[in-house]
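Just below is one structure, and these are the notes that go with it.
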Amino acid sequence: MKKAALLMTLLFSSLTLAQSAVPANFWGIQFNQMSSSYPVAGGPTFQTFRFWDTGTSWYQMQSAAGTYNFQKFEDWMTNVVVPNHLDVIYTIGKTPKFISSFQGDACNNKPANFPGSCVPPLDLQCNGSGVANTGGSDATLIGFVQALWGDITLHNWDQGRQWYFEVWNEPTDENEKQAGQAGFWDNYWISNTYCVSTGGQADASGPRRIIARMASDTRAAIAQIDPTATVQFLSPPPPGTRLAGPTSWWQNYLSGDGGQWGKTGGAKCSGYGNGNVDPCGGGQFADVISVHEYLSAPNETPDDICCDSSGSDGQGTAVYNTLQVMANYQQNTKPLFITEGSSGGYCNQTNCGNSFDPVSFMARYYTLMASQAEVARFAWYNYDTFGPFWCPHTEFLNGTCTPDSALTASGIALGQMQSVWGYDGGTFGLGGCAKVVQSLSCASGGSFRVCGLTEGGTLTQAEVVWFDAYNKSCTYTPPGTGWIDYRDLTGMVTHYSGGPVTVGNRPILFEK
């Protein structure tokens, strides 16, 4: 039986008072194959499903003007979303070829893309008197959105769940500098060819203004046919915000390129600063700010996800920096969603090195993100491929799938964290996860991360601990009295009778 604490030290008290509850709908997921087992006994469960890389992009569901095929979308809804009572994020992206402004655009030859899908539709222009100084009707996108929402309401899928629409997937890549390096949105071609002025001047703001127009039209399209729809709209997510500079695509989108555009009528807005709270840029069309947060070796660690101002290199964590940018452009009253992120930036099913531990990464990444309740929803990408929790092939993650289970070691670990460790419904202590140097012998090699936790359901007082020096460990003694056991991420429970415990990169949970 778990016992109440008799005594807590100052350290533990500081971690458990004024706690931050893990948001109720924090857990989100994406997976590519409808045949992938979900849920799996002992594995994690989720509240939100995001449509992307699911065979349901715009070009895959519309082949000609007024011609739609929603069968794949309906299959996902029927087989995955509805039976598991999931909320939905639908990401609009990939222009159909028949309406593409550059049908031969190679989109960097990414297999997941389709020629012509990374540029605007022909019925949307760079200049005009419309939203964000754009012209054209945008009729094809509006028609698609209304047809899709009509299909949703026809099946009553709008009832009993929250719907979100996210306009475009990663329309920016901060490393995209020249032609032929488009990801999901060919900023170079749009700026230098499609949006060139009559005087031959390239328009760098054009790609952002067009996305803003599509965001505005998407929300207006649904409101027009269903004024009572309880849909919320997400901003276009950049691939990462941690090291995005003040002139990044994302910041320029939120600012209206420094106020050059932004009013819904097409006029310039007056910018930010000096107490001005006039809405500028694309943020005004979003109810929720959406970003993607992949961290990648060798420059970043999972500890760079959240939430302090320093990070591993003094440049701030991803969530901290994102919140600062949101505040700069009067977006800080809106929820923050991370609609993609995982260990896949380090290691996926095909390139996982022997020195990398995906379990350690996942556990630290999730713990830090959940510890301060700054992220309202997070959708792991991807349950069955890029950063798999479920594994039908033993070669994934260098054979870490257990022979008697479809779960990877990461899937087992997240299931433990959610249900057994009590993250689901739990509350973390003030400040999230503190850095603690407890042993001078380890001080030069790293420090402990210590996260006070009140477990969801049981209200058990606990402490999550790991050592942050890569591939190193150190001995740790939990402060105070009343500790009775500690758990690891495989499900093993060890009786604790006092003294130091060796702690490595994988978190463990001490309980009272």
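In a shell of Cβ-Cβ distance under 15 Å around SER100, excluding SER100 itself, what net charge do Lys and Arg (+1) and Asp and Glu (-1) give? Display every interim value, and only then the final one.
Working: positive: LYS94, LYS97; negative: ASP105, ASP123, ASP138, ASP186.
My count for the surroundings of SER100 gives -2.
Over the chain, what lengths in whole Å, largest first, do the semi-axes of the equivalent ellipsoid take, defined as the square roots of 5 times the eigenvalues of the alpha-carbon gyration tensor?
So the equivalent ellipsoid measures 42, 25, 21 Å along its semi-axes.
Could you bin all the Cα-Cα distances of the stretch 11-105 into 10 Å bins starting at 0 and give me the percent of pairs in each, rounded to whole numbers?
Whole-percent P(r) values from 0 Å outward: 13, 34, 23, 16, 8, 4, 1.
Summing -39500 (n - 2.57) over the DSSP H runs of n ≥ 4 in the chain and dividing by its residue number, what mean residue ellipticity at 222 nm do you reach, to the nearest 500 deg cm²/dmol?
When only DSSP H runs of four or more count, the value is -5500 deg cm²/dmol.
Can you divide the C-alpha Rg of the stretch 282-385 by 2.2 N^0.38 Å and report the result to two decimal places?
With N residues counted in the stretch 282-385, Rg over 2.2 N^0.38 Å equals 1.10.
Residue separation times 0.36 nm, minus the C-alpha to C-alpha distance between TYR470 and THR458: what's the value?
Contour length minus the Cα-Cα distance gives 1.1 nm.
Could you work out the relative contact order of the chain? I mean the mean sequence separation of Cα pairs under 8 Å and 6+ apart, divided by the number of residues, in percent.
After rounding, I find 17 percent.
Cut-off is 10 Å between beta-carbons; in what order do ASP138, ASP87 appear when sorted fewest neighbours first?
Details: ASP138 25, ASP87 18.
Sorted ascending by nearby Cβ count, the order is ASP87, ASP138.
All of the numbers you see were taken from the coordinates with simple rules; none came from a lab. Not measured: the values here are computed from a predicted model. Please note: Cβ atoms are built from the backbone with ideal geometry, for glycine as well, and neighbour counts cover all protein chains shown.
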